[in-house]
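Down below is the structure, laid out as structure tokens.
The values are calculated or read from the model by the stated rules, or taken from the named source; none is laboratory data. Since we're looking at a predicted model, the values are computed, not measured. Neighbour counts are summed over all protein chains in view; Cβ atoms, including those assigned to glycine, are modelled from backbone coordinates with ideal geometry.
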2 protein chains.
Amino acid sequence: MAIVVQKYGGTSVANAAKIRRAAERVTKAVKEGHQVVVVASARGKQTDELIADALELNPNPPTREMDQLISTGEQQTVSLFAMALEAMGQKAISFTGGQIRMMTDDVYTKAKIRSIDADTIREQLQAGRVVVVAGFQGIDDRGNITTLGRGGSDTSAVALAAAMGAGECEIYTDVDGIYTTDPRLYAKAVKMKQISYDEMLELASLGAGVMHNRAVSFGKRYDVRIHVRSSINDVEGTYITHEVPQMEGILVSGATLQKDMAKIGLLGVDNVPGNAAKVFAKLAAAKVVVNDIVQTEVSDEKANLAFMVGSSDLRAAREAVEAIKDEVGCERLFIREDIAEVSVVGVGMRTHYGVAERMFGALAKAKVNIDSITTSEIRISCIVDRHQGEDALRVVCDVFELDKPAGQRRQ
Amino acid sequence: MAIVVQKYGGTSVANAAKIRRAAERVTKAVKEGHQVVVVASARGKQTDELIADALELNPNPPTREMDQLISTGEQQTVSLFAMALEAMGQKAISFTGGQIRMMTDDVYTKAKIRSIDADTIREQLQAGRVVVVAGFQGIDDRGNITTLGRGGSDTSAVALAAAMGAGECEIYTDVDGIYTTDPRLYAKAVKMKQISYDEMLELASLGAGVMHNRAVSFGKRYDVRIHVRSSINDVEGTYITHEVPQMEGILVSGATLQKDMAKIGLLGVDNVPGNAAKVFAKLAAAKVVVNDIVQTEVSDEKANLAFMVGSSDLRAAREAVEAIKDEVGCERLFIREDIAEVSVVGVGMRTHYGVAERMFGALAKAKVNIDSITTSEIRISCIVDRHQGEDALRVVCDVFELDKPAGQRRQ
């Protein structure tokens, strides 16, 4: 009997009918001979509602209390889920994070998992029960409830699959898999059969929703294959897995467009050790997430420093930079908000040349001006004018044939 | 610094404004030099909503899962309450039942408290925090969440006061104390300054809401004075306390009227040992709560058996009795639904005569027919025609002067 971990997100358990449908899927897996561990999120918009309740009482609530509050959402789902299974004649038991000793550090609202008591779960599975575990939550050493932050239930599910030696974790969601790019921006986008952890990590950090980085990292580290699939049909979704040889033949697996970004440049900064550190320390203190840092020397005395921030962080970033600019001898500050970033991701780039050339060529042919370029081992990103962003994504998708299944591309 | 336990019921924490008002009352007690432990119930109708969610998925939900579900209501309140206190500059921490090791047996939905870890709470109080504890819930030895059943939060609060050696437990509610009788039925009813545990237990079992029996029993056993008072003003309410000498001078402290009752009689039952036991075993198996049992011998061979049940149990009771009546040789069954029970309660009855006489006299004068009478050491109950119930309550209240404060009655 193989152990299967199935994770159901908030939209998949939003009401009684949806919980029942998910429970039916679970009983089907049991009838097929599996031992099933379910991980569930809070119902629909419930976490948002609880956060609103909190902010009404305290605009800056203590994070410990916030976790104590919002962890109730998942607890409600799992008990209801177990009841639905029992109503179908399937024995079931629900557990909070604390009850299966999902131990975390004590960084409330974004805790990290340290260990899980697989024995409690195994015992219940042996007794013929489906085990329904509250995702997103754990406890620290002193018994305080913690939550895992964004994408936390996915992380719980993958961690549980790892702890149980399940080998695979099914993530049921409202999309039917991972696409080569956002189908709302490129209608010809196709669903991928599989994608490597590293590619998924790049795509996720470029804003491609679906799976959160921490869950993917967990899967990579503990060798858990992640199957992202639809909660409303039985069609296979996308497998996130270790790199296999045939993946190397594919230059570009996916592409993304990020529009809510701004670029900040500090021109003519004094070229002395420690100045860049000062700037980024100031930004970190202001809790600004910074991407794509580029520093270029313009003379022996001066250097230019540029980086990207999310639009929602721009105001805080601007204030931070203006407070430090004189201290680092910055001659001029510039901010560009009318930009977008188009990126391509693929493990094939590790071993193949010519990807950048093809990307830049396609953009040039479409008369898209490139402001700047950054790359990682398996990613190339170009900053372009925002009004050209969607065109840029389309020509890039076309040139790398992201409208075709991976095996049919002539890359 | 004295420890004060304050319990806030569902109506007193129903929304953000009410939570804030309760939190203000707590900070006032802190400023007066107290260490405050708050016990809170679920907000407003939340428990009912969760039960409805459960029944939608399973008409007969497993009780363990039910407790896992409904315990979230109190958990939400306490974290929000702590946030409200912190917003007012008062350090606070919330705890679930499990977090303060409120250990219970494993009788889900009506668990009994076994022990409480007062050290955790004391440590937080010493650190200058208000401790906000989720009422109504505990955990069993294996870490399963349990709930304490009706009136559970009151029981939690009184048990905590006992464990902390607080001496007094304040119960904040939407009424301002305990009245000599229901003011909706007898407008001249007055609020009592104090009442003994035993009287309160009798009144509670006669349907006088406010405090549940288990909480009162706890207070009696562990010597915790209970102060029932309004959450919307600062007026003193009613103290439930040990009997004091002056209470003995008061013949009747309170009166009640119960209308939702029915009387069942089995006439001509074979007068052999074990027959009454058979009847009540059958009723217990049908989960019918039986009151005021009267058995009278009518001959050497035959006896009559009569008892009261709540109207909501009548159908189950009738089926149970009809299934057993031939076996016990019952000649005739009768059921009266058009009845009411008027009762008076007072510890003074233990030492004074004449209470029954005065009660029956007043009822006779008002031409109220008495069907039957039952008594306990501190209670006299009369079954009357239902249409005369309210009149009966009024004349009884008048004769015992329940419209006057206890000290001014000429009893």
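For this structure, a couple of remarks:
- Residues satisfying the stated conditions in region B:382-399, i.e. under 24 Å from the mean Cα position of the chain (by Cα) and not in a strand (DSSP E or B): B:R386, B:G389, B:E390, B:A392, B:L393, B:R394, B:V396, B:C397
- Filter result for B:R129 (away from every other protein chain (no Cβ under 13 Å) and in contact (Cβ under 8 Å) with a residue 24 or more places away in the chain): no
- Single residue of A:V235, A:V272, A:V210 found to be in the same structural domain as A:G346 (by TED's automatic domain parsing) and part of a loop (DSSP other than H, G, I, E, B): A:V272
- Region A:301-326, residues that are part of a loop (DSSP other than H, G, I, E, B) and surrounded by fewer than 13 Cβ atoms within 10 Å (Cβ to Cβ): A:E301, A:D326
- Verdict on A:I100 being within 20 Å of B:A134 (Cβ to Cβ) and of a type in the set (A, V, I, L, M, F, W, C): no
- Residues that are of a type in the set (A, V, I, L, M) and out of contact with any Leu (no Cβ under 9 Å at 6 or more places or on another chain) within region A:41-65 comprise A:A52, A:L55, listed in sequence order.
- Flag if B:S205 is over 18 Å from B:T77 (Cβ atoms) and either free of Cβ contacts under 8 Å to residues at least 12 places away in the same chain or away from every other protein chain (no Cβ under 14 Å) (or both): yes
- Residues in region A:126-144 that are surrounded by fewer than 20 Cβ atoms within 10 Å (Cβ to Cβ) and under 28 Å from A:G33 (Cα atoms): A:Q126, A:A127, A:G128.
- Qualifying residue in region B:22-44 (condition: within 11 Å of chain A (Cβ to nearest Cβ), without any contact (Cβ under 8 Å) to a residue 12 or more places away in the chain and either aliphatic (A, V, I, L, M) or not in a loop (DSSP other than H, G, I, E, B) (or both)): no
- Candidates B:D117, B:D105, filtered to the one that is surrounded by fewer than 24 Cβ atoms within 10 Å (Cβ to Cβ) and more than 12 Å from chain A (Cβ to nearest Cβ): B:D105
- When A:R122 is tested against the conditions (1) more than 14 Å from chain B (Cβ to nearest Cβ); (2) surrounded by fewer than 20 Cβ atoms within 10 Å (Cβ to Cβ); (3) assigned to a loop (DSSP other than H, G, I, E, B), the lone failure is (3).
- Out of B:L69, B:L50, one residue alone is within 12 Å of chain A (Cβ to nearest Cβ) and surrounded by fewer than 23 Cβ atoms within 10 Å (Cβ to Cβ). It is B:L50.
- Residue check, A:K91 among the charged types (D, E, K, R) and within 30 Å of B:D119 (Cα to Cα): no
- Qualifying residue in region B:338-345 (condition: outside any loop (DSSP other than H, G, I, E, B), buried (at least 17 other Cβ atoms within 10 Å of the Cβ), in contact (Cβ under 8 Å) with a residue 24 or more places away in the chain and out of contact with any strand residue (DSSP E or B) (no Cβ under 8 Å at 6 or more places or on another chain)): no
- Matching entry among A:A14, A:A54 (being assigned by TED's automatic domain parsing to the domain that holds A:V224, in contact with a Gly (Cβ under 7 Å, 6 or more places away or on another chain) and among the hydrophobic types (A, V, I, L, M, F, W, C)): A:A14
- No other residue among B:F95, B:F81 is aromatic (F, W, Y), under 30 Å from A:I19 (Cα atoms) and buried (at least 17 other Cβ atoms within 10 Å of the Cβ) apart from B:F95.
- Within region A:68-97, residues that are part of a loop (DSSP other than H, G, I, E, B) reach partners that are surrounded by fewer than 24 Cβ atoms within 10 Å (Cβ to Cβ) with beta carbons closer than 6 Å, at six or more positions or on different chains, in the pairs A:M88/A:T27; A:Q90/A:T27; A:K91/A:G128; A:K91/A:R129.
- Of the candidates B:S231, B:S312, the single residue that is under 30 Å from B:A187 (Cα atoms) and touching a residue at least 60 places away in the same chain (Cβ under 8 Å) is B:S231.
- Residue selected from region A:148-180 under the condition in a loop (DSSP other than H, G, I, E, B) and of a type in the set (G, A, S), by the criterion farthest from A:V132 (Cα to Cα): A:G177
- Considering only residues in region A:9-21 that are within 14 Å of another protein chain (Cβ to nearest Cβ) and buried (at least 23 other Cβ atoms within 10 Å of the Cβ), the one that is nearest to the chain's Cα centre (by Cα) turns out to be A:V13.
- Looking across B:T77, B:T155, B:T96, one residue alone is among the β-branched types (V, I, T), facing chain A (nearest Cβ under 9 Å) and under 30 Å from B:G237 (Cα atoms). It is B:T96.
- The one condition in (1) modelled with pLDDT of 90 or more; (2) part of a strand (DSSP E or B) that B:E199 fails to fulfil: (2)
- Cβ pairs under 7 Å, 6+ apart, first in region A:319-334 and touching a residue at least 60 places away in the same chain (Cβ under 8 Å) and assigned by TED's automatic domain parsing to the domain that holds A:F307, second part of a loop (DSSP other than H, G, I, E, B) and charged (D, E, K, R): A:L333/A:K325
Yes/no matrix, rows are residues, columns are (1) on the phi < 0 side of the Ramachandran plot; (2) surrounded by fewer than 16 Cβ atoms within 10 Å (Cβ to Cβ):
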| site | (1), (2) |
| --- | --- |
| B:F218 | yes, no |
| B:H227 | yes, no |
| B:N233 | yes, yes |
| B:K259 | yes, yes |
| B:I264 | yes, no |
| B:F280 | yes, no |
| B:K287 | no, yes |
| B:D292 | no, no |
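- Filter result for A:E56 (in contact with a helix residue (DSSP H, G or I) (Cβ under 7 Å, 6 or more places away or on another chain), in a helix (DSSP H, G or I) and within 7 Å of chain B (Cβ to nearest Cβ)): yes
- In this structure, A:V78 does not satisfy being farther than 26 Å from A:R25 by Cβ and either of a type in the set (A, V, I, L, M, F, W, C) or not assigned by TED's automatic domain parsing to the domain that holds A:A163 (or both).
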